[in-house]
Amino acid sequence: MILYEFEGKQLLSQAGLAVPKSQLLTDPDQSLNLTSPFVLKAQVLSGKRAEAGGIVKITNNLDQRSLRETSNKQIQNLFEKTINGEKVNQVLVEELIEFEKEYYISISYDTDTRSPVINLSSQGGTGIEDRGVKTFTVDLLNLDKSLSEVKTDIPLEVLKKLVNLFLDQDCILLEVNPLVKTSDNNFMALDAKVKLDEGALGRHPEWKYPPRSVPGHNPTDHEIAAKKIDEGDYRGTAGSTYFDLDGDIAVLTSGGGGSLTALDALIKVGGHPADYTEYSGNPPKEKVEKLTKIVLSKPGINGLWVVGAIANLTDIYETLSGFMEGLRNAQTELKTKFDFPIVIRRAGPRDDEAFKMLKEVKDFDLHLYGTEISITESAKIMADLAQKYAQKKGQTDVAA
């Protein structure tokens with residue numbers, strides 16, 4: 001989960017790090033509480049907003065009336081902007097800070113050393129990609145000694161607060177650019193980019209962040225609803241990863257790399273997925289039922305593909321029972337008949353019970369497969385059946 005700048009700075013402030021005084025605007029007509037000079041900053045999840053005109057400085061070289069008019073006009077302009085495909089819905093008004101020196105610092109996780117690493121440059125600001133950045137591995141068993149060996153004039157206390165915040169908040173990335181040194185020798189974060197590990201939601205009941213999707217993409221109603229399935233229920237996952245697509249084949253995949261492989265396979269054989277979502281970690285049937293209903297609530301579905309590799313822990317009977325309940329409930333609530341083909345390719349714990357239950361189902365067009373066929377073969381079956389169904393439906397519509 002990527003945080004907006006103002007959310008990241010809230011975390012920095014709570015960790016004892018200095019940030020500028022600020023005010024968040026959610027409406028262009030909202031009254032300003034800060035006096036100039038200040039900077040207006042569009043709140044978007046994507047980078048390079050300065051190049052897109054998303055940051056505007058308001059200085060003191062205007063009379064009060066002109067200052068007010070200029071500020072209001074610039075705020076209105078920011079709210080009308082779309083930056084890297086993302087509509088600006090919030091603007092951060094922040095005091096303009098004078099400083100003597102700026103730095104770039106970020107903390108991420110190195111899977112090779114299984115430790116956090118600090119990436120550091122004595123030159124912060126825009127264009128950091130073209131500057132030299134030094135990397136230092138953090139030894140968590142000897143944190144003070146490890147940080148004291150980082151070659152920088154950033155105080156050890158500041159480094160420790162950043163590392164502790166990275167760890168305490170289960171960050172994937174914590175980036176401050178720039179971190180500045182002021183004339184009174186204080187250090188302050190003028191920007192913040194924070195990415196949290198959504199898998200750690202169970203450890204952070206205080207995370208109350210509104211739904212957001214990838215940068216440049218405003219989440220759809222389906223995407224928002226799917227992500228809510230896991231809120232407060234950490235028995236496996238169902239819907240935390242969900243993206244609407246423009247195809248006609250609804251897809252329910254099991255988690256892991258196999259889900260991406262499955263989607264690739266479907267596209268390669270000519271199928272058009274209507275969504276990308278997954279369930280994994282042995283979720284209860286109630287969560288699979290909710291996800292199934294969301295997947296099937298899209299119009300224009302010509303097929304449904306339930307697919308996964310051989311599960312190790314996921315109870316196939318439990319999850320497919322939830323799927324069937326979701327299928328029936330969605331049909332009832334939407335007041336429509338799901339007569340399109342449904343291809344199920346699953347295997348794992350209790351799959352014999354699951355397939356015995358499914359073979360007794362007569363009110364849906366089920367096509368059941370286990371490991372006797374590959375995921376790619378089942379993708380081809382699904383694509384062909386969906387195409388035939390669409391052609392038949394089209395012929396029926398014409399005849400009607």
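Do the conditions hold for Lys21, that is, is it touching an Asp or Glu at 6+ places or on another chain (Cβ under 9 Å), closer than 11 Å to Val93 by Cβ, open to solvent by 20 Å² or more (accessible area, probe 1.4 Å) and not β-branched (Val, Ile, Thr)?
yes
Checking the structure you have, find out if any residue of segment 142-153 is under 29 Å from the mean Cα position of the chain (by Cα) and either more than 20 Å from Asp191 (Cα to Cα) or open to solvent by less than 60 Å² (accessible area, probe 1.4 Å) (or both).
Looking for residues that are under 29 Å from the mean Cα position of the chain (by Cα) and either more than 20 Å from Asp191 (Cα to Cα) or open to solvent by less than 60 Å² (accessible area, probe 1.4 Å) (or both), one finds none in segment 142-153, hence no.
Identify, by number, the condition in (1) surrounded by 17 or more Cβ atoms within 10 Å (Cβ to Cβ); (2) closer than 18 Å to Asn84 by Cβ; (3) of a type in the set (S, T, N, Q) that Ser46 doesn't meet.
Looking at each condition in turn, Ser46 falls short on (1).
Has segment 210-223 got any residue that is touching a Gly at 6+ places or on another chain (Cβ under 6 Å), surrounded by fewer than 20 Cβ atoms within 10 Å (Cβ to Cβ) and at pLDDT 90 or above?
Checked segment 210-223: no residue is touching a Gly at 6+ places or on another chain (Cβ under 6 Å), surrounded by fewer than 20 Cβ atoms within 10 Å (Cβ to Cβ) and at pLDDT 90 or above.
Any chance segment 217-225 includes a residue that's on the phi < 0 side of the Ramachandran plot, free of Cβ contacts under 8 Å to residues at least 12 places away in the same chain and small (Gly, Ala, Ser)?
no
So how many residues does segment 4-20 have that are out of contact with any helix residue (DSSP H, G or I) (no Cβ under 6 Å at 6 or more places or on another chain), of a type in the set (Gly, Ala, Ser) and in contact (Cβ under 8 Å) with a residue 12 or more places away in the chain?
Here the count works out to 2.
So Leu260 fits all but one of (1) open to solvent by 50 Å² or more (accessible area, probe 1.4 Å); (2) among the hydrophobic types (A, V, I, L, M, F, W, C); (3) within 16 Å of the chain's Cα centre (by Cα); what number is the exception?
So the condition that Leu260 fails would be (3).
Residue by residue, here is whether (1) open to solvent by 30 Å² or more (accessible area, probe 1.4 Å); (2) over 24 Å from Glu353 (Cα atoms); (3) under 24 Å from the mean Cα position of the chain (by Cα); (4) touching a residue at least 40 places away in the same chain (Cβ under 8 Å) holds:
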{"position": "Lys227", "(1), (2), (3), (4)": "yes, yes, yes, no"}
{"position": "Gly247", "(1), (2), (3), (4)": "no, yes, yes, no"}
{"position": "Thr277", "(1), (2), (3), (4)": "no, yes, yes, yes"}
{"position": "Tyr317", "(1), (2), (3), (4)": "yes, no, no, yes"}
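Quick check on segment 67-74. Is at least one of its residues under 24 Å from Pro20 (Cα atoms) and buried (at least 20 other Cβ atoms within 10 Å of the Cβ)?
no
Could you say whether any residue in segment 235-242 is open to solvent by 60 Å² or more (accessible area, probe 1.4 Å), in contact with a strand residue (DSSP E or B) (Cβ under 9 Å, 6 or more places away or on another chain), not in a helix (DSSP H, G or I) and not hydroxyl-bearing (Ser, Thr, Tyr)?
The answer is no, given that none of the residues of segment 235-242 is open to solvent by 60 Å² or more (accessible area, probe 1.4 Å), in contact with a strand residue (DSSP E or B) (Cβ under 9 Å, 6 or more places away or on another chain), not in a helix (DSSP H, G or I) and not hydroxyl-bearing (Ser, Thr, Tyr).
Taking only segment 161-209 into account, find how many residues are farther than 28 Å from Thr241 by Cβ and surrounded by fewer than 15 Cβ atoms within 10 Å (Cβ to Cβ).
6
The values are calculated or read from the model by the stated rules, or taken from the named source; none is laboratory data. Note that this is a predicted model, so its numbers are computed, not measured. Counting neighbours? That spans all protein chains shown, and the Cβs are built from the backbone with ideal geometry, glycine included. Keep in mind that these areas ignore ligands, DNA and RNA; they rest on the heavy atoms of the full protein, side chains included. Shrake-Rupley method; radii C 1.70, N 1.55, O 1.52, S 1.80 Å.
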